[in-house]
Amino acid sequence: MRNPLNQTITEIKPSGIRKFFDIVAEMPEAISLGVGEPDFDTPWKVRDEAIYSLERGRTFYTSNSGLKELRVEIADFLKRHYGLEYNPLTEMLMTVGGSEGIDIALRAMLDPGDEVLIPQPCYVSYEPCTILAGGVPVPIALKEENEFRLKPDELEAAITDKTKILIMPFPNNPTGAVMEKADLEPIVELVKKYDLFVLTDEIYGELTYTGEGHVSIASFPGMKERTIYINGFSKSHAMTGWRLGYVCAPELIIKQMTKIHQFAIMCAPTTSQYAAVTAIRDCDDDVAQMREEYNDRRRYLLNRFKKMGIKCFEPYGAFYIFPSIAEFGMSSEEFCTRLLREKEVAVVPGTAFGDSGEGNVRISYAYSLESLKRAMDRIEEFIEELRKS
Amino acid sequence: MREKILTYIEHNSKIDLSDLAMMLGCDQATVMNELEAMENEHIICGYPTLINWEKASVEKVSALIEVRVTPQRGMGFDKVAERIYNYPEVDAVYLISGSYDFMVSIEGHTLREVADFVSAKLSPLDSVLSTQTNFVLKKYKDHGIIMAEKHVDEREKVSL
Ligand SMILES: Cc1ncc(COP(=O)(O)O)c(C=O)c1O
């Protein structure tokens, strides 16, 4: 029989920390601080709207681009929150989560051999999606001493004449790093100088804890025409399972992306789209309340690690904290595996998000204070034992 | 700061004060001082516990009683309310806008006990014009907490 498989996909390596996941699966009693999704329920009014839409029998495909009413509300939201101006009819596409947006943007833009700059540690989909689109991923190793923010010299050093796209994964999963206005300014200059495009994944934009709030790179003068803006409902509105996101970009890019979306997906889930109209229009207060609670937990974890004497920079975004475990002289994966085996606490090795995550672990604070406390007490025990031994 | 402390202890009065301090980004002494001050100012009026008596297999009957009264000259409703809230059987008394004046919540061990309270104590009060007793059949949610179910985390253990 002939090989049934495509060579590119078979060559993409599965997550490097497979073994770790297998151990987690064997330990159902373990306490986890390992998830990448909110612990809050989707606000009830959003769920209620979904039920209502089902009762009304709104169970058909929407247009390929998504419900017009929803896109109009999103355009309003983006203006209200980030000062972005997009035409909801020509510059926006509803997708199956931010995930689909990332995938089809890369597929619509890359030619074989085009290089994509990927600051790491970062979410795991950019690299395989780049490869599947025929592009060449070029990691940029971010540094803890810079609080895992992207520095202009790091960017400039990675640019070649094949570079086409810079991924901007901020606020960042797994580090919690953000890029403030002053951090973005020199990046914007380089992007223009080298004629790059930016794929900015701002799925955690609403979960930012700085005084100035989230700043989108698309809001800088001259950037809208070279930015593909990804957002969605998963994190901000606690709607991961609804599978709904959106992309905003120049019309010529959206047009091609819509072709891929039309043939591969048809349209984003209809029920989710109706529910999302309520989420985007009426839930600013709910989101603010979740943000405030995340922020309290963030401070709690920071203070716990400070007390333990663990090196940890202050993360200002998402719901992750990324402490350093380098002092213990073992790899992130080894640390996490031992913590799991010896104390039954699951956290994720930084290396799951790129080689530059070595020496750190990702701890999620999408958990109640009680869970955080219980897990942190065990982590504290573990660390004390390590220091003694 | 005060509002944050109150919001947390309203939902969990057993919260560990050092945890609370860490969440608020201040030291524990500050939180303790604020709490003490708010107790003295009677902003914090008590630390009761929310109990699902049904689960504890203890018989309890509660009722919400709508009460219409004639306010007393010079003292309005407050004096009448005092006559009512001083009974230990009475759980809560609210002055209400709408077609009656007070909502009185009472709790007893039996239906009889509650009915007796209404007929023997509440109704005969001089200023009480009429009462309507609504027995509670089932408590679904109280003080923002859903009584029936304990929340379980159904998420996958680890996701990237
Ligand atoms: C940075 C980042 N981008 C995108 C996604 C995908 O989110 P979704 O497809 O649910 O919108 C995630 C999910 O964990 C993420 O962390």
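For this structure, a couple of remarks:
- Flag for A:Ile23 being in contact (Cβ under 8 Å) with a residue 24 or more places away in the chain, under 27 Å from the mean Cα position of the chain (by Cα) and within 13 Å of another protein chain (Cβ to nearest Cβ): yes
To keep it simple, each residue is scored yes or no on (1) more than 16 Å from the ligand (Cβ to nearest atom); (2) open to solvent by less than 10 Å² (accessible area, probe 1.4 Å); (3) under 28 Å from A:Gln120 (Cα atoms); (4) within 13 Å of another protein chain (Cβ to nearest Cβ).
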{"position": "A:Ala276", "(1), (2), (3), (4)": "no, yes, no, no"}
{"position": "A:Leu301", "(1), (2), (3), (4)": "yes, yes, yes, yes"}
{"position": "A:Pro315", "(1), (2), (3), (4)": "no, yes, yes, no"}
{"position": "A:Thr337", "(1), (2), (3), (4)": "yes, no, yes, yes"}
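- Condition check for A:Gly98: in contact with an Asp or Glu (Cβ under 8 Å, 6 or more places away or on another chain), at negative phi and within 14 Å of chain B (Cβ to nearest Cβ): yes
- From the list B:Glu34, B:Glu66, the lone residue that is touching a strand residue (DSSP E or B) at 6+ places or on another chain (Cβ under 9 Å) and modelled with pLDDT of 95 or more is B:Glu66.
- Filtering the stretch A:29-52 to residues that are at the interface with another protein chain (Cβ under 8 Å from one of its Cβ atoms), of a type outside the set (Asp, Glu) and part of a loop (DSSP other than H, G, I, E, B) leaves A:Ala30, A:Val35, A:Gly36.
- Those residues of the stretch A:225-240 which are within 9 Å of the ligand (Cβ to nearest atom) and surrounded by fewer than 24 Cβ atoms within 10 Å (Cβ to Cβ), in sequence order: A:Ser234, A:Thr240
- Condition met for A:Glu344 (within 14 Å of another protein chain (Cβ to nearest Cβ) and over 25 Å from the mean Cα position of the chain (by Cα)): yes
- Residue tally, condition touching a strand residue (DSSP E or B) at 6+ places or on another chain (Cβ under 6 Å) and modelled with pLDDT of 95 or more, over the stretch B:82-94: 7
- Selected residue (only one of A:Val72, A:Val138, A:Val96 is in contact with a strand residue (DSSP E or B) (Cβ under 8 Å, 6 or more places away or on another chain) and free of Cβ contacts under 8 Å to residues at least 40 places away in the same chain): A:Val138
- Here the condition is being under 19 Å from the mean Cα position of the chain (by Cα) and either within 14 Å of another protein chain (Cβ to nearest Cβ) or open to solvent by 70 Å² or more (accessible area, probe 1.4 Å) (or both); of B:Tyr87, B:Tyr94, it holds for B:Tyr94 alone.
The values are calculated or read from the model by the stated rules, or taken from the named source; none is laboratory data. Being a predicted model, the structure only gives us computed values, none of them experimental. Every residue, glycine among them, receives a Cβ derived from its backbone with ideal geometry; neighbour counts consider all protein chains shown. Ligands, DNA and RNA are excluded from the accessible area calculation, which covers all protein heavy atoms including side chains. Shrake-Rupley method; radii C 1.70, N 1.55, O 1.52, S 1.80 Å.
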